[in-house]
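The values are calculated or read from the model by the stated rules, or taken from the named source; none is laboratory data. Keep in mind it's a predicted model, so treat the numbers as computed, not measured. FYI the Cβ positions are ideal-geometry reconstructions off the backbone, even for glycines, and counts take in every protein chain you see.
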Ligand SMILES: Nc1nc2c(ncn2[C@@H]2O[C@H](COP(=O)(O)OP(=O)(O)OP(=O)(O)O)[C@@H](O)[C@H]2O)c(=O)[nH]1
Ligand SMILES: [Mg+2]
């Protein structure tokens, strides 16, 4: 769980998350909260007191490095890694259906855009998110409805076999693209519905200008890699 200054949200989310994880039979889970390296000691201590493991993000101050640091810190014996936001947007209850779908999939998405899923985002944000998903899906040939959500279940061994370069939120699409490449035509994606809510406390870290630019640059870069492979 990448968390940039989210303590008020974590105080509410972590107990709910542990409630779900502890009531799932056969699940032995660890919750890693990936913090900026300047996160105060009192914040780290409070997160540990709530039962989670604080991880300091390395090497730079970015969302991409937060995910990479979390993946690197995942326990060696873990089978799955679930990523979710720390601001209360993703419903912890959805992890139950993600786990149920996991044996038949390489990635399970907590999806806003399948039947039963929803988003509370404003209309302009919904239009932007939907367009991004349609364009990414078509250009990169990934067939699922919610490519851009950070609510996903991955196989830990797969994550160790891919190399991720993106700095910002576009790393989420890069992961899916690399996994599709790793598995080839047999790549299996399952989507289960999730209700995406507006963040509970605090302010967004997403800045619209750099956000759009990084998505366009990443799309072109990944598409170019597909093209190069086809011409080889
Ligand atoms: N460790 C770390 N976490 C980050 C960073 N940027 C964002 N996050 C976390 O990643 C998650 C998603 O970021 P948000 O700011 O919620 O972005 P968003 O969901 O697109 O925007 P809103 O929900 O509208 O605020 C949140 O849990 C953030 O705290 C970062 O640079 N480092
Ligand atoms: Mg958010």
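Exactly one residue out of 108, 114 is touching a strand residue (DSSP E or B) at 6+ places or on another chain (Cβ under 6 Å), closer than 17 Å to residue 194 by Cα, buried (at least 22 other Cβ atoms within 10 Å of the Cβ) and at pLDDT 95 or above: that is 108. Residues in region 177-200 that are within 13 Å of ligand 2 (Cβ to nearest atom), over 26 Å from residue 219 (Cβ atoms) and either at pLDDT 95 or above or buried (at least 18 other Cβ atoms within 10 Å of the Cβ) (or both): 197 alone.
The residue of region 17-40 that is nearest to the chain's Cα centre (by Cα), among those that are part of a helix (DSSP H, G or I) and more than 24 Å from residue 56 (Cβ to Cβ), is 20.
Checking the structure you have, find out if any residue of region 73-80 is touching a residue at least 40 places away in the same chain (Cβ under 8 Å), within 13 Å of residue 152 (Cα to Cα) and either within 10 Å of ligand 1 (Cβ to nearest atom) or not in a loop (DSSP other than H, G, I, E, B) (or both). Yes.
Note on region 41-67: residues that are more than 18 Å from residue 204 (Cα to Cα), part of a helix (DSSP H, G or I) and either within 16 Å of ligand 2 (Cβ to nearest atom) or without any contact (Cβ under 8 Å) to a residue 40 or more places away in the chain (or both) amount to 8.
Please work out if residue 171 is touching a helix residue (DSSP H, G or I) at 6+ places or on another chain (Cβ under 8 Å), touching a residue at least 60 places away in the same chain (Cβ under 8 Å) and more than 16 Å from ligand 1 (Cβ to nearest atom). Answer is no for this residue.
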